[in-house]
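Chemist: Provided herewith is a single structure, encoded as structure tokens, for subsequent inquiry.
The values are calculated or read from the model by the stated rules, or taken from the named source; none is laboratory data. Note that this is a predicted model, so its numbers are computed, not measured. Cβ placement follows ideal geometry from the backbone for every residue including glycine, while neighbour counts extend to all protein chains displayed.
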Amino acid sequence: MRCPICNYQDTKVVDSRVASDEMSIRRRRECEKCTYRFSTMEEMELLDLMVVKRDGKREPYSREKIERGLFKALEKRQFTDLDFKKLVHAIERDIQKKKVAEIRSMDLGEIVMNRLRGFDKVAYIRFASVYRSFEDVQHFQQELDKLIKNKTSKKKIKKQIKENRKKFVKK
Ligand SMILES: [Zn+2]
């Protein structure tokens, strides 16, 4: 890699460390001519994977596309950057485990859904309702209703705990 200051072509790596998301490596480099120090980030990437779409067309796998879909599903949901990176990493690891050169977009969607289910239930349902066929949408609506019910029962439980506490304090 060239030095960004003097453009000399030989820079040596003085230190490498895995970033906290365990998906990228930061390397500290030093120019062998002017000794300028800088760092580079190397991101792990899935290579040579083709996605076969419903209409039979093929396109190279794109992490950005997966991330865009996830962001859409996770709109207004709370999550950290690190958790998000880990989610993408887990999805890509699942893809890699299949050891295939081509993957159907449907199968890719299933992998994403499986991971999203454990990450955020609401986002999972949003994603699935877009991804799955129309007949499934009703099923997901039912799941969503269940979630909402759970939320209200959670509130009820919290209220009860509060009331119980008050009683306890009075006594
Ligand atoms: Zn230099």
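Chemist: Within region 28-76, considering only strands (runs of 3 or more DSSP E) that don't extend past its boundaries, which have at least 2 residues that are at pLDDT 90 or above and within 16 Å of the ligand (Cβ to nearest atom)?
Modeler: Details: elements: 37-43, 50-52, 58-60.
Hits in region 28-76: 37-43.
Chemist: Among (1) in contact with a Lys or Arg (Cβ under 9 Å, 6 or more places away or on another chain); (2) in contact (Cβ under 8 Å) with a residue 40 or more places away in the chain; (3) not acidic (Asp, Glu), which single condition is Arg58 missing?
Modeler: Result: Arg58 fails condition (1) only.
Chemist: Quick one: in region 3-27, which of the residues that are at pLDDT below 90 and part of a loop (DSSP other than H, G, I, E, B) is nearest to the ligand (Cβ to nearest atom)?
Modeler: Among those residues, the one meeting the criterion is Ala19.
Quick grid of which residues meet (1) part of a helix (DSSP H, G or I); (2) surrounded by fewer than 17 Cβ atoms within 10 Å (Cβ to Cβ); (3) touching a His at 6+ places or on another chain (Cβ under 7 Å); (4) not polar (S, T, N, Q):
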| position | (1), (2), (3), (4) |
| --- | --- |
| Leu82 | yes, yes, no, yes |
| Ile91 | yes, no, no, yes |
| Gln96 | yes, yes, no, no |
| Asp107 | yes, yes, no, yes |
| Ile111 | yes, no, no, yes |
| Gly118 | yes, yes, no, yes |
